[in-house]
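Notes follow the structure.
Bear in mind these aren't lab numbers, they're just calculated from the coordinates by the rules spelled out. Computed from a predicted structure; not experimentally measured. Here the Cβ is made from the backbone with ideal geometry for all residues, glycine too, and neighbour counts use every protein chain on show.
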Amino acid sequence: MAAAKPKKSRPGRVALSLDTAIENLSTRLSSCRAVRKGGTLLIRATGDGGGEFHLEASEQAVRVTKAPAMLPAAPTLEIMGDARRIAAVISGGKNARKEFLAGGFRVRGNLRYLSDVAMELGILKIPL
């Protein structure tokens with residue numbers, strides 16, 4: 001994935017593109033204990049810079065691909081929403097809990113897995 005040029009969101013803040021945020025996320029996920037057990041994450045993002053991204057975790061690494069038309073099995077976790085909001089949450093620019101409760105994105109799948117991973121990454125401060 002080619003890194004897109006960061007966009008200015010607010011004075012003094014730079015918003016990462018979803019591609020860049022997901023690349024950074026995959027690097028961070030590689031060191032998570034919860035992720036090393038395996039699992040798949042499907043991100044369906046709409047709007048500018050959106051698309052479908054498939055992150056597949058194994059004990060060795062996290063592999064990121066543009067999601068194929070047909071996945072071999074249901075993902076462990078699926079996140080759907082606006083690309084800018086998802087990128088901001090992944091990169092730590094927005095509070096994940098507030099964005100979720102405000103309807104900024106939807107989640108489907110294993111919420112315990114989401115909670116464990118988000119806690120390890122510092123995206124959530126209180127487990128679900």
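Tell me the residue from 84, 97 that is over 18 Å from residue 125 (Cα atoms) and of a type in the set (D, E, K, R), please.
84
Just to check your reading of the model, which residue among 85, 63, 106 is buried (at least 20 other Cβ atoms within 10 Å of the Cβ) and out of contact with any His (no Cβ under 6 Å at 6 or more places or on another chain)?
85
Output the helices (runs of 4 or more DSSP H) that fall wholly within region 49-128 and possess 1 or more residues being more than 18 Å from residue 30 (Cα to Cα), out of contact with any strand residue (DSSP E or B) (no Cβ under 8 Å at 6 or more places or on another chain) and not acidic (Asp, Glu), or say none.
The qualifying helices (runs of 4 or more DSSP H) are 96-101, 111-121.
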